[in-house]
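The values are calculated or read from the model by the stated rules, or taken from the named source; none is laboratory data. Quantities reported herein were computed from a predicted structural model and do not represent experimental measurements. Counting neighbours? That spans all protein chains shown, and the Cβs are built from the backbone with ideal geometry, glycine included. Each accessible area value is taken on the protein alone, full model and side chains, heavy atoms only, with ligands, DNA and RNA left out. Shrake-Rupley method; radii C 1.70, N 1.55, O 1.52, S 1.80 Å.
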Amino acid sequence: MPSIALYEPIVNICFSLSYLQKLACSFISLTATLLPQEKTPTLMADQDLTSPFLSPPPSDHPHLILTIQDDTDTESHHNHNGIHTHQSTSADHHHHFRNPFAFLGSDGLTVPVSITADPFRNHTLEITGIYEWLKIGICLPIALVRLVLFGVSLLIGFLATKLALQGWKDKKSPMPRWRCRIMWITRVCTRCILFAFGYHWIRHKGKPAPRDIAPIVVSNHVSFIEPIFFFYELFPTIVASESHDSLPFVGTIIRAMQVIYVNRFSASSRKHAVSEIKRKASCGRFPRVLLFPEGTTTNGRYLISFELGAFIPGFTIQPVVVRYPHVHFDQSWGHISLAKLMFRMFTQFHNFMEVEYLSVVSLFDNKKESATRFSERTSHAIATALNVVQTSHSYGDLMLLMKASQSKLKLEQPSVYMVEMASVKSLLHISSIEAVDFLDKFLSMNPDPRGHVHYHDFLRVLRLKDCSYSEEIFAFMDVERNGVITFKQFLFGSAHVVKRPLFRRACELAFSECVSGENDYVSEQKFGESIGHAIPDLNEDEVRGLFNLFDSDNDGRISREDFLTCLRKNPLLIAVFSPCLLNKDISEDGNRLVEEIV
């Protein structure tokens with residue numbers, strides 16, 4: 001039998017080779033960590049670490065094979081990329097999830113990248129700097145004088161307007177000339193109001209085009225100052241929200257301008273407003289028509305999407321640009337209260353304002369240009385003059401912003417809940433009110449300060465059990481595969497499902513499959529059996545929790561109206577009924593549905 005001493009050199013050599021292998025792998029790992037990311041792809045680094053550096057020894061010496069796994073380096077590498085280890089694992093797992101809404105004809109979800117622009121943010125919400133505090137202190141006595149001037153001017157203008165409107169019954173016809181002469185008193189009062197707010201002089205560039213050339217004027221909208229200015233300068237007919245009619249003093253004055261009221265959420269009201277714009281623009285006896293096509297105020301640093309009311313009639317339009325140059329005080333009526341904005345205006349030495357009348361914009365000669373294209377050319381002219389970026393935000397985004405700000409959640413940046421509603425409407429065909437309803441549901445999921453909802457909160461609100469099918473529903477919206485969803489992803493996912501052509505039919509079939517016997521309602525027992533095909537092993541409490549979500553009137557059963565209403569508000573839940581839709585005998589129309597969706 002050979003002596004053990006004969007094997008000692010061989011063993012030493014093998015261990016030396018193993019030690020060299022470990023040093024080499026450590027060096028490769030260190031190099032992968034220190035080099036710039038774009039020069040060291042993660043996949044190549046992982047392959048180098050897992051493949052042996054030297055050829056393995058013969059199979060009859062397994063005790064000499066060493067497996068080196070440096071967990072510290074691997075974790076550091078993931079952190080270097082900004083992704084935690086568990087998130088990467090979750091992301092890899094998400095790739096294997098099937099689409100739970102394929103039975104509706106869905107081929108997956110695509111969510112556009114969000115932009116960071118906030119066109120409604122006032123950049124001087126807080127008073128900062130010694131200069132501003134000193135200026136406010138000095139201007140406080142002056143502010144009292146300005147407040148008195150504002151009140152007196154408003155009162156005189158109101159009385160003059162009441163006199164001009166006294167006994168006038170034919171409001172659909174142009175205002176008689178003698179009444180218009182009385183309104184000059186109100187127009188002078190509005191100039192005094194501008195003076196009280198600190199607009200002692202206003203810089204002009206260009207001139208208003210004659211009314212017979214450009215009967216419609218459109219302008220960007222930054223503050224409540226522009227309507228006051230245009231009332232004084234042009235005395236136009238304006239298009240305003242119906243809610244303005246109830247404002248004290250202001251409601252009476254805008255009625256004298258033969259205002260065109262519109263309810264932005266009513267299709268019939270918008271259609272009527274367009275016909276009134278066309279009627280008044282075509283009649284030379286009416287004043288020119290003034291519109292703010294953005295539909296709300298912005299901070300002037302962006303130009304948001306235009307409504308089409310001013311462009312559908314097809315008349316020549318004169319764009320007007322209004323600027324408010326400033327250093328310390330942003331005069332925009334963004335996300336700031338009216339009282340605070342007025343106080344800041346009263347306590348400034350002077351507020352700067354510039355008005356520029358641009359060249360008129362007309363339809364092309366063939367008169368076949370669409371209103372959308374006409375508005376795009378006009379908005380481009382205004383954005384170019386302002387030197388600002390155009391975005392697809394709209395009044396709907398302001399509604400979302402206000403809804404998020406009013407919640408009790410501690411939000412780092414409420415603007416993350418804006419989704420550029422103009423593009424969302426064109427892509428998903430949902431209204432701003434529907435988007436606000438989805439936001440209300442999302443906020444109930446308790447998003448973190450960055451606006452992210454986690455999986456367990458998603459399940460809690462939708463009353464779903466933690467299972468593979470629930471993971472698939474969540475993963476359907478988690479398009480970035482990072483284990484959380486944003487409001488934009490939730491909105492696009494929900495709207496994507498509810499706007500599927502087969503969604504309504506699927507809801508009807510799901511209800512009919514859940515109804516037992518001759519009943520016209522769903523019992524808790526039958527409800528549990530129906531959803532048990534998708535989510536097995538549900539206990540009584542879990543079934544009752546989801547059942548109560550559908551039972552909106554709490555009468556212990558789910559009517560057809562309860563069922564369909566719940567699915568419209570929570571369209572993602574239609575996925576839990578997909579097994580019973582595909583495996584049950586259904587009507588002739590339903591058979592065609594299954595053939596399409598399979």
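Before moving on, here are some points about what is shown:
- Some residue of the stretch 330-339 being open to solvent by less than 30 Å² (accessible area, probe 1.4 Å), under 23 Å from Pro176 (Cα atoms), assigned by the TED database to the domain that holds Ala371 and in a loop (DSSP other than H, G, I, E, B): no
- In the stretch 153-181, the residues that are on the phi < 0 side of the Ramachandran plot form Cβ pairs under 7 Å with partners that are in a loop (DSSP other than H, G, I, E, B) and open to solvent by less than 20 Å² (accessible area, probe 1.4 Å), at six or more places apart or across chains, as follows: Lys171/Gln258; Pro174/Phe286; Met175/Gln258.
- Hey, Leu411 within 30 Å of Ile130 (Cα to Cα), open to solvent by 10 Å² or more (accessible area, probe 1.4 Å) and either of a type in the set (A, V, I, L, M) or part of a loop (DSSP other than H, G, I, E, B) (or both) or not: yes
- Any hit, the stretch 117-129, residues being in contact (Cβ under 8 Å) with a residue 24 or more places away in the chain, of a type in the set (Asp, Glu) and either in a helix (DSSP H, G or I) or in the same structural domain as Tyr417 (by the TED database) (or both): no
- Across the stretch 279-293, the qualifying residues are those that are touching a strand residue (DSSP E or B) at 6+ places or on another chain (Cβ under 7 Å) and part of a loop (DSSP other than H, G, I, E, B), and the one among them that is farthest from Thr384 (Cα to Cα) is Phe286.
- Cross-chain or 6+ apart pairs with Cβ under 8 Å, the stretch 210-239 first and farther than 18 Å from Arg301 by Cα and in contact (Cβ under 8 Å) with a residue 60 or more places away in the chain, then in a strand (DSSP E or B) and charged (D, E, K, R): none
- Filter result for Val145 (loosely packed, with under 15 Cβ neighbours inside 10 Å and over 20 Å from Ile260 (Cα atoms)): yes
- Of everything listed in (1) open to solvent by 20 Å² or more (accessible area, probe 1.4 Å); (2) part of a helix (DSSP H, G or I); (3) touching an Asp or Glu at 6+ places or on another chain (Cβ under 7 Å), the single unmet condition for Asp397 is (1).
- At least 3 residues being of a type in the set (D, E, K, R) is the threshold, and among the strands (runs of 3 or more DSSP E) wholly inside the stretch 159-257 not one reaches it.
- The number of residues in the stretch 240-253 that are in contact (Cβ under 8 Å) with a residue 24 or more places away in the chain and either under 20 Å from His272 (Cβ atoms) or basic (Lys, Arg) (or both) comes to 1.
- Looking across the stretch 441-470, the residues that are in a loop (DSSP other than H, G, I, E, B) and among the charged types (D, E, K, R) come down to Asp448, Arg450, Arg463, Lys465, Asp466.
- Pairs linking a residue in the stretch 405-431 that is modelled with pLDDT under 85 to a residue that is assigned to a loop (DSSP other than H, G, I, E, B) and acidic (Asp, Glu), with Cβ atoms under 6 Å and 6 or more positions apart or on different chains, are Ser415/Asp118.
- Among the residues of the stretch 424-432, none qualifies, meaning not one is part of a helix (DSSP H, G or I), open to solvent by 40 Å² or more (accessible area, probe 1.4 Å) and in contact with a Leu (Cβ under 7 Å, 6 or more places away or on another chain).
- A search for C-beta distances below 8 Å between a residue of the stretch 480-495 that is closer than 17 Å to Ile433 by Cβ and any residue that is open to solvent by less than 30 Å² (accessible area, probe 1.4 Å) and among the small types (Gly, Ala, Ser), counting only pairs 6+ apart in sequence or on different chains, returns Phe487/Gly451; Leu491/Ala435.
- Considering residues of the stretch 471-505 that are of a type in the set (S, T, N, Q) and assigned to a loop (DSSP other than H, G, I, E, B) only, the residue surrounded by the fewest Cβ atoms within 10 Å (Cβ to Cβ): Asn482
- Exactly one residue among Ile260, Ile238 is assigned by the TED database to the domain that holds Gln166, more than 22 Å from Cys189 (Cβ to Cβ) and aliphatic (A, V, I, L, M), and that residue is Ile260.
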